[in-house]
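Notes to accompany the following structure.
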Amino acid sequence: MSALPPTQFPVRVLGGPTALFDYGGLRFLTDPTFDAPGDYGRPDGRFLTKTAPSSGTRAELGPVDVVLLSHDEHPDNLDTSGRALLADVPLTLTTPGGARRLAGQAKGLADWESVELNRPDGGTITVTGVPAVHGPGPRAQVEPITGQVVGFVLTGEGLPTVYVSGDNASLDAVKEIAERFAPVDTALLFAGAPRFAALFDNQLIVLDSAQAAEAAQLLGARRVVPVHYDSWAHFTEGHDDLAAAFAAAGLGDRLDWGRGD
């Protein structure tokens, strides 16, 4: 695989699952979370604890054209501030169920369903919904517990191929995506090895660091931007674990920590 081209677009990681990037003349934001640190309740009575603030504020972002929302049901992927932001964004792409709940400008994408977005200077961007499983085992067993999740692949004439994984724990899903889209130029991989003792017997509900490195290999990813590995107490692996796992896999030079430069 070739080294990262100097023309590759910058990605700014803002903390948790939230990243901002310009692609094909449009500005994309993933899973918006801007609330302050603290405990955030879930419908099932459990709490998620945010441990650090976002590295940027909503006001600093400027206009956002498209939100890529992997799912709307968990506060570590869409919080109160993020929900308010959606009202100002022309298009939110998410799960079919999430689109029904959010209404407004939200559009659901089923697996392998695509939408064409017009680029400001002509041409289009294709955004394809791709499989994601938010826990261990078959999707049919996982979704009733953790909900429906979607990942995204972005393509366009003369543009790099971009994969945004969403909260996915399935390398089998990554293999399916790789069969259709590899090699991928940039992969935004949700990691962090989140676990809950009372959920799936403490098994992973999103990739751990070693699995993220394996996913990068499967995708033939020329660049990996890790997200979803900091700012929340239920993430059990962080920056150093990711760096070590990618170094062990011989992929350390593929990591981009998303400082936006």
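Remarks
- For the chain, calculated [θ]222 nm from helices alone, where every DSSP H run of n ≥ 4 adds -39500 (n - 2.57): -6000 deg cm²/dmol
- Model label sites at D39 and A140, defined 7 Å from Cα along the beta-carbon direction, differ in position by 3.8 nm.
- Global geometry of region 215-258, whether rounded, prolate or oblate, following the gyration tensor of its Cα atoms and the 1.5 cut on a/c: prolate
- Charge tally in the Cβ shell below 14 Å around T128, where Lys, Arg are +1 and Asp, Glu are -1, T128 excluded: -3
- 18 Å tail of the calculated P(r), region 175-231, as % of Cα pairs: 38
- Seen from Q217, the other residues with C-beta closer than 13 Å to its C-beta sum to a net charge of +2, counting Lys and Arg as +1 and Asp and Glu as -1.
- Per-residue Cβ neighbour rank within 10 angstrom, fewest leading, Y23, Y229: Y23, Y229
- Both radii were evaluated on the Cα set of the chain; the Rg over Rh quotient, with Rh as the Kirkwood radius, amounts to 0.93.
- Other residues with beta-carbon under 15 Å from the beta-carbon of F246 carry, at +1 per Lys or Arg and -1 per Asp or Glu, a net charge of -4.
- Neighbour-limited loop hits for GluC sites (Glu not before Pro), region 153-186 (at most 13 other Cβ within 10 Å; DSSP other than H, G, I, E, B): E157
- Each DSSP beta bridge with both residues in region 102-261 is either parallel or antiparallel, and the antiparallel ones are about 65%.
A short reminder: the numbers here are calculations on the coordinates, not readings from a lab. Being a predicted model, the structure only gives us computed values, none of them experimental. Neighbour counts are summed over all protein chains in view; Cβ atoms, including those assigned to glycine, are modelled from backbone coordinates with ideal geometry.
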